[in-house]
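Worksheet: one structure, shown below.
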Amino acid sequence: MAQLVMLAGKDRSLARRHPWIFATAVERLSGRARPGDTVDVVAANGRPLAKAAWSPESKIRARVWTFDADEVVDDAFFKRRVQAAVERRGMLPELRGQDGLRLIHGESDGLPGVIADRYGDTVVLQLTATGPEKWRRAIISALHRASACARIYERSDSGVRRLEGLDPVTGWAYGEASPEPLAIVENGVRLRVDIVAGHKTGFYLDQRDNRVLTRVLAAGRATLNCFCYSGAFSLQALAGGASSVLSIDSSGPALAMAAENLALNPHLDANRAEWREADVFNELRALNDQGRRFDLIILDPPKFAPSAVHAERAARAYRDINVFGFRLLNPGGLLMSYSCSGGISGEHFQQILAEAALGAGREARILRRLGASPDHPVALNFSEGEYLKGLLCQVE
Ligand code: SAH
């Protein structure tokens, strides 16, 4: 097995068990390794540190599979890790019996570059690095066994694969499409999941708990849901008795799916729902010009800052939409505002919201900090920026 020799003094983050080895920390590769091959990671003095997947084209030159230098990375290894991840989801009562559930959350489950989401009896797998690419068969077989799913669809078409020198891979990895369109029930609301053409693996599971909260808060409130995608927040607001729900997204296909989702839930009052295909930045301004006001506003934008280099521009974008978020609220109104930008820390996000409230001329307080649902566990040694963060604020 080839050896990845770390530069002297550059193995501190490894000692803290952060699984990424950046190119700038690597002294050399001794021996030959192809992309995805497992390499022995050793300190400059030769001390064994870990086993990792080699990724010659990426700035993240290797991702650690195990910090036990004696552990063998083979089919059985993936069987153990996948099984453990799936069992973890069974531990928390609120995750039991969920129809839509993230089964594997990459680094947090000890499987860097592997995402697996379960929608009913279908699992969608996304591989984003050379290591998982090499172990695809082992991962699929372990996933099938651990989840007892009927079929596995691969959605390895995330843009980050390019950084690894990998082409997109999509298609049925196990079994074949069900004749029925795929749908899940989330907190009493039926939702279509487009695993082939939808965003990510088809749905934003990390917001499940926050949608439950929305349902509770929406009672009697005029609600505005910005960046609504397939309407999951909007439908929970309707289910919770919102007096009206205006939902905005710039994607026609997303809104088409939202309309389909509303039709799947005849118990919801469709007359209270309005869908608008528009750019949120423009539409918030227009709503303000029209003097429209709301009692609950949800802002769940896409990642404005994938990494720290985009932080400044992203901060401006977050500030812009949140100024309008605060401005468009009636007295006592609630703003649920989110960021999933790796480049923006929780503290930074709070500061942006403080500035936004000031910009809107509103007094506000934080009622609750919001994060991702527990099927998206948090790796202890990752920065909080890597994960979904949100604030529930109330204006005076
Ligand atoms: N809240 C959703 C997920 C939002 S994902 C849920 O719970 O399912 C982000 C959404 O923002 C996507 O649907 C994308 O189409 C939309 N979007 C991105 N930029 C936008 C813009 N400038 N204006 C309106 N929508 C935008």
Could you list all residues from segment 245-288 that are over 26 Å from the mean Cα position of the chain (by Cα) and small (Gly, Ala, Ser)? ALA263, ALA270, ALA273, ALA286
Among (1) open to solvent by 20 Å² or more (accessible area, probe 1.4 Å); (2) under 17 Å from LEU191 (Cβ atoms); (3) touching a helix residue (DSSP H, G or I) at 6+ places or on another chain (Cβ under 9 Å), GLU260 falls short only on (3)
Looking at segment 193-227, which of its residues are near the ligand (Cβ under 9 Å from one of its atoms) and polar (S, T, N, Q)? GLN207, ASN210, ASN225
Quick check, is ASP269 open to solvent by 40 Å² or more (accessible area, probe 1.4 Å) and more than 24 Å from LEU370 (Cα to Cα)? yes
Considering (1) without any contact (Cβ under 8 Å) to a residue 60 or more places away in the chain; (2) of a type outside the set (D, E, K, R); (3) open to solvent by 70 Å² or more (accessible area, probe 1.4 Å), say which one PRO302 fails and leave the rest. (1)
I'm told ARG155 meets every condition in (1) in a strand (DSSP E or B); (2) more than 16 Å from the chain's Cα centre (by Cα) except one. Can you identify the failing condition by its number? (2)
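One line per residue, one yes/no per condition, for (1) touching a Lys or Arg at 6+ places or on another chain (Cβ under 6 Å); (2) open to solvent by less than 20 Å² (accessible area, probe 1.4 Å):
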residue: ARG17; (1), (2): no, no
residue: ALA23; (1), (2): yes, no
residue: PRO48; (1), (2): no, no
residue: GLU57; (1), (2): no, no
residue: ARG63; (1), (2): no, no
residue: ASP68; (1), (2): no, no
residue: ARG80; (1), (2): no, no
residue: ASP99; (1), (2): no, no
residue: LEU103; (1), (2): yes, yes
Does segment 317-331 contain any residue that is away from the ligand (no atom under 16 Å from the Cβ) and without any contact (Cβ under 8 Å) to a residue 40 or more places away in the chain? yes
Could you tell me whether LEU246 is more than 9 Å from the ligand (Cβ to nearest atom), open to solvent by less than 20 Å² (accessible area, probe 1.4 Å) and touching an Asp or Glu at 6+ places or on another chain (Cβ under 7 Å)? yes
On the basis of being crowded, with 18+ Cβ neighbours inside 10 Å, within 12 Å of the ligand (Cβ to nearest atom) and not polar (S, T, N, Q), does LEU255 make the cut? yes
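I'd like the residue in segment 372-396 that is of a type in the set (Gly, Ala, Ser) and open to solvent by less than 30 Å² (accessible area, probe 1.4 Å) and, out of all such residues, is farthest from ILE115 (Cα to Cα).
GLY390
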Heads up, the strands (runs of 3 or more DSSP E) in segment 15-55 (entirely inside) with at least 1 residues that are among the basic types (Lys, Arg) are 26-30, 48-54
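A quick yes/no check of all residues on (1) touching a strand residue (DSSP E or B) at 6+ places or on another chain (Cβ under 9 Å); (2) in a loop (DSSP other than H, G, I, E, B):
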| site | (1), (2) |
| --- | --- |
| GLY97 | no, yes |
| LEU101 | yes, no |
| SER108 | no, no |
| LEU111 | yes, yes |
| ASP117 | yes, no |
| VAL123 | yes, no |
| GLN126 | yes, no |
| GLY131 | yes, no |
Do any strands (runs of 3 or more DSSP E) entirely within segment 182-242 hold 2 or more residues that are basic (Lys, Arg) and surrounded by fewer than 24 Cβ atoms within 10 Å (Cβ to Cβ), and if so, which? 189-192
Of ILE104, ILE115, ILE60, which residue is over 30 Å from VAL212 (Cβ atoms) and in contact (Cβ under 8 Å) with a residue 12 or more places away in the chain? ILE60
What single numbered condition from (1) of a type in the set (Gly, Ala, Ser); (2) open to solvent by less than 10 Å² (accessible area, probe 1.4 Å); (3) without any contact (Cβ under 8 Å) to a residue 60 or more places away in the chain fails to hold for ALA76? (2)
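The values are calculated or read from the model by the stated rules, or taken from the named source; none is laboratory data. Everything numeric here is computed off the predicted structure, so don't read it as measured data. Cβ coordinates were reconstructed from backbone atoms using ideal geometry, including for glycine residues, and neighbour counts include every protein chain displayed. Remember, those area values only see protein heavy atoms, side chains included, never the ligands or the DNA or RNA. Shrake-Rupley method; radii C 1.70, N 1.55, O 1.52, S 1.80 Å.
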